[in-house]
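The values are calculated or read from the model by the stated rules, or taken from the named source; none is laboratory data. Nothing here was measured: the structure is a model prediction, and the numbers come from that model. Please note: Cβ atoms are built from the backbone with ideal geometry, for glycine as well, and neighbour counts cover all protein chains shown.
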Amino acid sequence: MHNFKTRFTPRLALGLTTLALGASTLVAFAQNTSGASSKPLKGSEWKLVIPAWRSPQGLVRGRLYEPTLRFDADRLRASVGCNAMSATYTRTGESLKIGALISTRMSCGTEVDALENRYSTTLATATKWQLSRDGKILLVQTAKEPLVFTRTTPNPKR
C-alpha cells in the first residue's frame, strides 16, 4: 500500500477549478444548442475556457494572460492580453470562415508569445460555430481542436 500525500497548492486549485468548469460547460452546451445559428455574434465578447490556455506558469509579471474573442460587425478581434489580433469573418448558418489574421508584433516574453501563437494558429483554422440556446456558450470548431468560450458581455436584446 502506498501512502500518497497531495499538497494542495494554488496551481492544483486552478487545475481542479478549470476541470470542473470545463465539465459543467460541456454538459450545459450539449443540452442547449438548438437554434444557435439564428443568434447574432455581432457585439459579443468571449473568454476561452476550454482548452484552459492561460499563462503556462500562472501569473507572468504579475498578470494572468487569457485568450479572448470579440465579434464586431465585419471583423473579429482576438487577444491573449498582449498583442491585438483581428480578421474578417463570415458566417453562413453554422459555417464560420475567418480571414487572414493580422496582429501587432510586440514581444511579451517567451511564455505569452507561445500562447498567442497557439491561439492565433488554432483560431485561423475555424470551420464551424455553435452557440448554446441561452447564448452564454460559444463552441468554435477548428481543424486543430475545439475552442469553447463563455460570454463576457450581456446577451443582446431579442
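Couple of notes before you dig in:
- Any hit, the stretch 112-121, residues being among the polar types (S, T, N, Q), under 18 Å from residue 145 (Cα atoms) and buried (at least 16 other Cβ atoms within 10 Å of the Cβ): yes
- Output for the stretch 75-93, where each listed residue is assigned to a loop (DSSP other than H, G, I, E, B) and either surrounded by fewer than 15 Cβ atoms within 10 Å (Cβ to Cβ) or in contact with a Leu (Cβ under 9 Å, 6 or more places away or on another chain) (or both): 80, 81, 82, 93
- Yes/no for residue 122 being farther than 13 Å from residue 46 by Cα, of a type in the set (Val, Ile, Thr) and either out of contact with any Asp or Glu (no Cβ under 6 Å at 6 or more places or on another chain) or free of Cβ contacts under 8 Å to residues at least 40 places away in the same chain (or both): yes
- Residues that are among the aliphatic types (A, V, I, L, M) and farther than 14 Å from residue 51 by Cα within the stretch 108-124 comprise 112, 114, 124, listed in sequence order.
- Restricting attention to the stretch 94-137, the residues being within 18 Å of residue 152 (Cβ to Cβ) and not in a strand (DSSP E or B) number 6.
- Total residues in the stretch 138-147, condition among the aliphatic types (A, V, I, L, M) and surrounded by fewer than 19 Cβ atoms within 10 Å (Cβ to Cβ): 1
- The set of residues in the stretch 46-88 that are modelled with pLDDT of 85 or more, over 15 Å from residue 122 (Cβ atoms) and of a type outside the set (D, E, K, R) comprises 71, 73, 81, 82, 83, 84, 86, 88.
- Residue 135 at positive phi, modelled with pLDDT under 95, out of contact with any Leu (no Cβ under 7 Å at 6 or more places or on another chain) and buried (at least 18 other Cβ atoms within 10 Å of the Cβ): yes
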